[in-house]
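Asker: Structure in structure tokens, see below.
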Amino acid sequence: MPLPKRKTSHARTTQRRAANWKVSLPQVDSCPRCQAPKLNHHVCSACGFYGNRMVIDVQAGKRATDGGAGSDAAQE
Ligand SMILES: [Zn+2]
């Protein structure tokens, strides 16, 4: 059974592990309604809309109740 010839050094181990540590930028898009930057597949925090439906009442600061049945799409 083949075995490694040498012990993997501490530096080589940590360098290998550090190479997999990459932070990706969040996918930011602009709101089609108010053009404020918002996260993809998230409710716009500026106007409270997701698609063409108001999910969050921004003035009241709470979830809009007249949103209809699909309230599971609401993400704060
Ligand atoms: Zn918006």
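Asker: Using only Cα atoms and rounding to the nearest 10 degrees, what angle (0 to 90) does helix 10-19 make with the longest principal axis of the chain?
Answerer: Value to nearest ten degrees: 30.
Asker: Continuing with this model, one more query. Mean 1/r over all different Cα pairs, inverted: what Kirkwood radius does the chain give, in Å?
Answerer: Taking the inverse mean of 1/r over all distinct Cα pairs, the chain comes out at 16.0 Å.
Asker: How high is the relative contact order of the chain? Use alpha-carbon pairs under 8 Å, at least six apart in sequence, and give a whole percent.
Answerer: 16 percent
Asker: Which residue, Pro37, Trp21, Met54, has the largest displacement toward the positive end of the dipole of the chain when charges sit on each Cβ (Lys, Arg +1; Asp, Glu -1)?
Answerer: Trp21
Asker: Right, next: Tell me what the chain gives for mean residue ellipticity at 222 nm when only DSSP H runs of n ≥ 4 count, each as -39,500 (n - 2.57), the sum divided by the residue total, rounded to 500 deg cm²/dmol.
Answerer: Value at 222 nm, helices only, nearest 500: -4000 deg cm²/dmol.
Asker: Once the piece of chain linking Arg53 and Lys22 is laid out straight, how much longer is it, given 0.36 nm per residue of separation minus the C-alpha distance between them?
Answerer: Roughly 7.6 nm would be gained on extension.
Asker: For the pair Gln15/Gln35, report the inter-label distance in nm, with labels modelled 7 Å from Cα in the Cβ direction.
Answerer: In this crude label model, Gln15 to Gln35 measures out at 4.9 nm.
Asker: Which trypsin sites (Lys or Arg not before Pro) does region 5-50 hold that lie in a coil by DSSP with at most 14 other beta carbons within 10 Å?
Answerer: Sites meeting the loop and neighbour criteria: Lys5, Arg6, Lys7, Lys22.
Each value in this text was obtained by applying a stated rule to the coordinates, not by laboratory testing. Worth saying up front: this structure is predicted, and the values here are computed from it rather than measured. Positions of Cβ are backbone-derived with ideal geometry, glycine not excepted, and every protein chain shown enters the neighbour counts.
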